[in-house]
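Participant: Provided herewith is a single structure, encoded as structure tokens, for subsequent inquiry.
Coordinate-derived values only; no laboratory data. Bear in mind the structure is a predicted one, so any value in this text is a computation, not a measurement.
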Amino acid sequence: MYELDVGDPMRGTWVSKGGKNQNLQVIRGIAILLVLVVHVRALLLPGDALYWDKLLTWVHPPVGVDLFFVLSGYLMGRIFLARADAQWPLLETSIFYRRRFSRLIPAAFFWAVVTFVLGLTLAGRAGFLDQRDAFWKFFTSLTFLRNFEQASAPDILGYYWSLSVEAQFYILLPLAWFGLRRWFWPFVIGLLALSVVWRFGGDVAWLFRYDGLLVGLLVWKITSVTDWRRFTAPVLPQRRWMAVAVLWFAAIAMAALPQALPDFSGLAYLALSLIGGYLVLMGLALPDGSLGVTRWDRGAVAWMGEISYSVYLVHIPFFMVANLALSRYRIDPGIAGYLGVILVMLAISYLSYRFIEPLMADSTRKAIQQATQLEGRSSAP
């Protein structure tokens, strides 16, 4: 079922024959679960759900997003940097942008519109939109500038801040690569060190964090070296049970670290990005399918990772509207009812993953094929 892909720029990472590394999907699934754990309490459950509060005394909200950033940084290295010095660099850059934004835009725009309509319809209620600046917040969400707006005015569209950080990084990465060339990697390391200082800037700096993305780039750099699996082997678990134990222990450590070190938040956030980088490196080095005790638990978490983008876009407006409805009609659904609400959210997310996310896939594929053919003809003798 799995094979070692030695022809890939990753130089020997394990991938499934379907083309996706299931270990990375499991890590992505853990990232979205960390996000959901916090937002279920903050947005869905009633204020007297003390049993959940006890759990969340040590879980810090943003760690799931930071793990997503590490994964995205690695993929940016694999998708763009591995090919940036190809025969046609401008073509490769164009393909990079087409692929990334065709992946982001359909679901991001669709759910921004849905969330905007919900927020405007329910304007004036806590956490929704203010009619005076609703259209401006909608605009900054659609244009991936929401992290600037979110710093001063969080609301139902506020979760677009993380998409904005990623989109901005997509734009800056090729510029930095072609502008700096041999100074690119010293620049990445220097920027990573600077991000530690930047993190001490409080809530505003929290919305402009690139440390996870930079760590992901460094993970790709490690995996681009010949025989990287051999020299990383001493620091990686060699047995399945050890890998699973390390994975879940690291997830718990990432969740607890910022709370455990509140006075050293810059260092704590760098530490959790480095932990995330270690997990990604472990997932790449070990045979695919190693991060699970059985195929059932591995499959369930990997499935969450597969639909995680849509889950991220759907869950906040869905939870907020569900909470408002339950509060308005004074309904206490109990634990089973809340689980039902979560399952409905997952079902909607799956439909979004199946039918909305791929809307631009065919047109993007054809455009890339045409551009490649034209470039090939123009360079022919």
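Participant: From the C-alpha gyration tensor of segment 223-329, pull out the three semi-axes of the equivalent ellipsoid (sqrt of 5λ each), sorted largest to smallest, in whole Å. Walk me through the numbers on the way to the answer.
Facilitator: Values: eigenvalues 206, 85, 34 Å².
Square roots of five times the eigenvalues give 32, 21, 13 Å.
Participant: Shifting gears a bit: Once phi is turned into ³J(HN,Hα) by the Karplus curve 6.51 cos²θ - 1.76 cosθ + 1.60 with θ = phi - 60°, what whole-Hz value does each residue of segment 39-44 show in order, with x for glycine and proline?
Facilitator: Running phi through 6.51 cos²θ - 1.76 cosθ + 1.60 with θ = phi - 60° gives 6, 4, 6, 6, 10, 10 Hz.
Participant: Rg to Rh ratio, segment 161-200, alpha-carbon atoms and Kirkwood radius? If you can, show how the numbers build up before the last one.
Facilitator: Values: Rg = 11.4 Å, Rh = 11.1 Å.
Rg/Rh for segment 161-200 comes to 1.03.
Participant: Moving to a separate point now. Give me the base-10 log of I(q)/I(0) for segment 301-341 at each q in 0.24 Å⁻¹, Debye formula, one uniform scatterer per Cα, rounded to two decimals.
Facilitator: Summing over Cα pairs of segment 301-341 leads to -0.85.
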